[in-house]
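Quick note: the coordinates plus some simple rules give every number you see, no bench work behind them. Since this is a predicted model, take the numbers as computed values, not measurements. Reconstructed Cβ throughout: ideal geometry from the backbone, glycine too, with neighbour counts over all protein chains shown.
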Amino acid sequence: MISNLAFVHPDARLGKDVNVEPFAYIAGNVVIGEGTWVGPHATIMHGASIGKNCRIFPSAVVSGIPQDLKFRGEESTVEIGDNTTIRECATVNRGTAAVGKTIIGSNCLLMAYSHIGHDCIVGNNCIIGNSSSLAGEVNVDDWAILSGGTLVHQFARIGGHVMIGGGSKVRTDVPPFIKADRDPLSYLGLNSVGLTRRGFLKERIDEIHNIYRAIYQNGMNISQALDLVEKEFTASPDRDYILEFIRKSERGIIRAR
């Protein structure tokens, strides 16, 4: 149902059973999947592609132009997967010439007043806490949780299954599967509770934990520790993900407490 008090551009494409509440604004060149709810005073601007069964709460702004002085009006987009919720006053900026699009995966929760900057890529099943902000070109892998008030520097990367404590400042990359908190942001151990809830078996969790003990607690530098992990631990998707993530880090990774 589309309220008579909402504005929906005639070029916007809305799927079956999309519900648009009074005073919502939907621009042209917008695609919204079936079953999505657009709350009152929500704004969906040019270039947005929103999946099925999403919920866009009041005063959220999706696909606003980037807050980047290099932006020159180039065509770019925001792509949001299915079953994602964007709460009150959250903002998602579209891409720039750098990448061309901002991507939010499926089954994500962007809490109130959170901000996703231009050209960010956020994976599936992520939670971005209240008032957390991602600067431009940040990557967040699947199942990451950023607690309220987290601030992420541009170009930083956050690994999958990470839990970051509230009020954190993320200046360097955060490897997968861990907990991070304190100032400066530090490795505090494995996110074992989160991994258990997602069905990781104890043996798998122990193996990941031992890998991080080798990286953070053996007195070697990072390069030496990674070589040790590659030599001493049997190849597996988890081991290889950790090695690849750290070796490809351009900003460096957080250190142990």
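Numbers at a glance
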read-out	value
Burial ranking of peptide ranges 224-237, 155-168 (average Cβ count within 10 Å, highest at the top)	155-168, 224-237
Cross-link table Lys179/Lys231; Lys179/Lys202; Lys101/Lys248, entries beyond 20 Å C-alpha to C-alpha	Lys179/Lys231; Lys101/Lys248
Calculated on alpha-carbon atoms, Rg and Dmax of the range 195-256 in Å	11.9, 32
Rounded to 5, the percent of DSSP beta bridges in the chain classed as antiparallel	5
Degrees between helix 202-216 axis and first principal axis of the chain (Cα, 0 to 90, nearest 10)	70
Distance between modelled label sites at Phe23 and Glu207, nm, 7 Å Cα→Cβ extension	5.5
Charge dipole magnitude, Cβ of K and R +1, D and E -1 - the chain, Cα centre, debye nearest 20	500
Pairwise Cα inverse-distance average, inverted: Kirkwood Rh of the range 7-137 (Å)	14.0
Where labels lie 7 Å past Cα in the beta-carbon direction, separation of Arg198 and Leu151 in nm	2.7
With Cα atoms, 0 to 90° folded angle of helix 237-247 axis to the chain main axis	90
Kirkwood-based shape ratio for the chain, expressed as Rg/Rh from alpha carbons	1.04
Where trypsin sites (Lys or Arg not before Pro) fall in DSSP loop in the range 24-77, at most 14 other Cβ within 10 Å	Lys70, Arg72
Cα-based helix-to-principal-axis angle, 222-232 vs the chain, degrees rounded to 10	70
If the convex hull is drawn through the Cα atoms of the range 93-152, its volume per residue in Å³	59
